[in-house]
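Here is the structure we will look at, set down as structure tokens.
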Protein chains: 2
Amino acid sequence: MANAGFRESSVVFHPAEVNAEMPAVTEKSPFIAETSSAAARAVRGELHVALALRHAGVLNVALRYEVQGPANAPVVFIAGGISAHRHVSASGEFPEKGWADELVAANRTLDPSKLRMLAFDFIGSDGALDAPIDPADQADAVAALLDALDIEKLHAYVGYSYGALVGLQFAVRHPQRVGKLVAVSGAHKPHPFASAWRALQRKAVALGQLQCAEQQGLSLARQFAMLSYRTQEEFGERFDAPPEIVNGRVRVAAEDYLDAAGASYVARTPVAAFLRLSESIDLHRVDPAQISVPTTVVAVEGDRLVPLVDEVALVEGLGTRGNLRVVRSPYGHDAFLKETDKIDAILNSVVNK
Amino acid sequence: MANAGFRESSVVFHPAEVNAEMPAVTEKSPFIAETSSAAARAVRGELHVALALRHAGVLNVALRYEVQGPANAPVVFIAGGISAHRHVSASGEFPEKGWADELVAANRTLDPSKLRMLAFDFIGSDGALDAPIDPADQADAVAALLDALDIEKLHAYVGYSYGALVGLQFAVRHPQRVGKLVAVSGAHKPHPFASAWRALQRKAVALGQLQCAEQQGLSLARQFAMLSYRTQEEFGERFDAPPEIVNGRVRVAAEDYLDAAGASYVARTPVAAFLRLSESIDLHRVDPAQISVPTTVVAVEGDRLVPLVDEVALVEGLGTRGNLRVVRSPYGHDAFLKETDKIDAILNSVVNK
């Protein structure tokens, strides 16, 4: 562990996690020996670093990470959408459901008994960092985390949605630290239509904030976001029932689903986290010509947020470093989490190459 | 004028408009003789009828109409989206801009010097009728208006968006009163995804109402609606500039445009009118097999609200009475008001047939 020499940063380890974070020590521990074979060993940690943010100056940020897999295995960093987090998949140590359990598993390309899977909570996701956050800042945070964990180079970075944008930024800013990049459902810049859609979600929050209904605003914002993550086709199949009139108001078939989606999001998301990470997507801009890392772009036909044409433009800009894979799915932007067989097949051809 | 014999209705004419509404009288007037040739004669009127609403019982509703064109010419009823109104096109009498000036004009199929163009304000559009309004109610209101104006049968009904839904209902309920129907950007039922989108707009209004910020809620609702009326392609071309950070918040390129669209809508739209007409779209349901009137369905490829596949299903249901025309446009649902050359060419082949 190289935290002692980490530049400008104050590193805070939770005492209970110190052993787990130190592979040099833990490899000699009988406890680790017992679990380091097929069963993946998962550990969590938290450190604080001073990070020079592109739009907000130097600020102290928390890096909360989870790593799962053999200590000496190639490291794969995985990052999801703005509501994803460090807990990618369930493990013996952390048995709760992860956000990508179907992709990070023993029978998958991203097998935590063979690869060391690393993920973190995006900076700003705790709501404490209430300032404009550029995806470039997230990329620097990833680099700071690698420094702290003494990981010189990632075997691969697999990013989906916002995580793909951060990966593209990482490839531009820290090319020597990643062998290959997989960017799923993310392009070199946000589409203006999607940016408008997000701006209105943020306005819904602002409307709620006018008078102490912040959570209702956030719920509405999330419900609007859900429409951008999914497709007409899915809604057409699921919610074809005629509307009801309830208390003199028309209520359509999808409203129960959307209400529930909004409520569950509000329960787990600080308002500032949503606002700052939503903004962050709109601040994203990368020149594909500046990316030297071999990059596989996975596009989903029918993605309402990230149109295929933008991903084609990204791959064109990448030239010989770029490779485009297209997935058809009724799940649109959320296909990464739904079409897991198709995604795994692509990852297999890239990550294990 | 047959208002004397109009069943169940209290008819109120504005005194200043009485002459104008009586073609039998005005035809003899020297003033009319002067203007009844190429220059279209436009008149407005208002009457009140008791209407049996499908979901709200018998209520008194206002019928505000405008008619333009020679007294004995074939009558074409024209109806637009929920924010359209009786003033379709500018005239000598009412020189202000109409909502379909590019389609109802001397050089167009809908030439008010040759056809008698009739339109009305949808019931509920004044905000006074605050109850669930079925599109079938609007169709009955059109029939009541025809009774009052002594128009036995329309040569054609041309409806766009909500106006198309009302036209389909009219064809089911009053088939003997219309020769042909043109339904642009409207199907036999709303798509569940579009219904969800509208439901969230209504929630934005409700959130505003919670805050005593009803108008901000309505503005936000309209802005969300704008995204459904337009396309990614248009936004991609118009709003490709990077965002700015204003007072510590990210502001994207489309926000000025959307703010202005919201403000102008709020200035002309009662909140109850928006809510009840938005709901009305979701209450729409028609069995195409019940339509006996020859019907041309005009679909716009890329319409986010009314997917082509639904209009294909409608035309399939119409059998030999149906005819499908497809327009390609970057303006999506708003193509009717933007692709006026293409729409006029279609109207020419249908209305003048």
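The values are calculated or read from the model by the stated rules, or taken from the named source; none is laboratory data. This structure is a prediction, so every number in the text was calculated from the model and none was measured. Don't worry about glycine lacking a Cβ; one is built from the backbone with ideal geometry, like all the others, and counts go over all protein chains shown. With ligands, DNA and RNA removed, areas are computed over all heavy atoms of the protein, side chains included. Shrake-Rupley method; radii C 1.70, N 1.55, O 1.52, S 1.80 Å.
If I ask for residues that are open to solvent by 10 Å² or more (accessible area, probe 1.4 Å) and at the interface with chain A (Cβ under 8 Å from one of its Cβ atoms), which ones from segment B:212-226 would you list?
Scanning segment B:212-226 gives B:212, B:216.
Looking across A:206, A:260, one residue alone is modelled with pLDDT of 95 or more, more than 7 Å from chain B (Cβ to nearest Cβ) and open to solvent by 40 Å² or more (accessible area, probe 1.4 Å). It is A:260.
Applying the condition of being under 18 Å from residue B:160 (Cβ atoms), among the acidic types (Asp, Glu) and open to solvent by 20 Å² or more (accessible area, probe 1.4 Å) to segment B:285-333 and asking which residue is nearest to the other protein chains (Cβ to nearest Cβ) yields B:310. One residue stands out in segment A:116-131 among those that are surrounded by fewer than 24 Cβ atoms within 10 Å (Cβ to Cβ) and touching a residue at least 60 places away in the same chain (Cβ under 8 Å): the one that is farthest from the other protein chains (Cβ to nearest Cβ), namely A:126. Checked against (1) in contact (Cβ under 8 Å) with a residue 24 or more places away in the chain; (2) within 28 Å of residue B:254 (Cβ to Cβ), residue A:312 passes all but a single condition, namely (1).
Here is a yes/no grid of residues against (1) in contact with a Gly (Cβ under 9 Å, 6 or more places away or on another chain); (2) in a strand (DSSP E or B):
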| position | (1), (2) |
| --- | --- |
| A:100 | yes, no |
| A:125 | no, no |
| A:139 | yes, no |
| A:159 | yes, yes |
| A:165 | yes, no |
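So which of A:93, A:102 is within 18 Å of the chain's Cα centre (by Cα), of a type in the set (Asp, Glu) and surrounded by fewer than 18 Cβ atoms within 10 Å (Cβ to Cβ)? So the residue among A:93, A:102 that is within 18 Å of the chain's Cα centre (by Cα), of a type in the set (Asp, Glu) and surrounded by fewer than 18 Cβ atoms within 10 Å (Cβ to Cβ) is A:102.
Candidates in segment B:171-187 are the residues that are part of a loop (DSSP other than H, G, I, E, B) and either of a type in the set (Asp, Glu) or under 20 Å from residue B:277 (Cα atoms) (or both); of these, the one that is nearest to the other protein chains (Cβ to nearest Cβ) is B:187. Taking segment B:188-203, which residues are within 12 Å of chain A (Cβ to nearest Cβ) and outside any helix (DSSP H, G or I)? Those that are within 12 Å of chain A (Cβ to nearest Cβ) and outside any helix (DSSP H, G or I): B:189, B:190, B:191. Residues in segment A:243-263 that are in a strand (DSSP E or B) and in contact with a strand residue (DSSP E or B) (Cβ under 7 Å, 6 or more places away or on another chain): 2 in all. Is it fair to say residue A:239 is closer than 20 Å to residue A:81 by Cα, touching a helix residue (DSSP H, G or I) at 6+ places or on another chain (Cβ under 9 Å) and at the interface with another protein chain (Cβ under 7 Å from one of its Cβ atoms)? The answer is no for residue A:239.
Taking the criterion of being within 15 Å of the chain's Cα centre (by Cα) and hydrophobic (A, V, I, L, M, F, W, C), the residues of segment A:118-144 that qualify are A:118, A:119, A:120, A:122, A:123, A:133, A:136, A:139, A:141, A:142. When residue B:240 is tested against the conditions (1) open to solvent by 20 Å² or more (accessible area, probe 1.4 Å); (2) not in a loop (DSSP other than H, G, I, E, B), the lone failure is (2).
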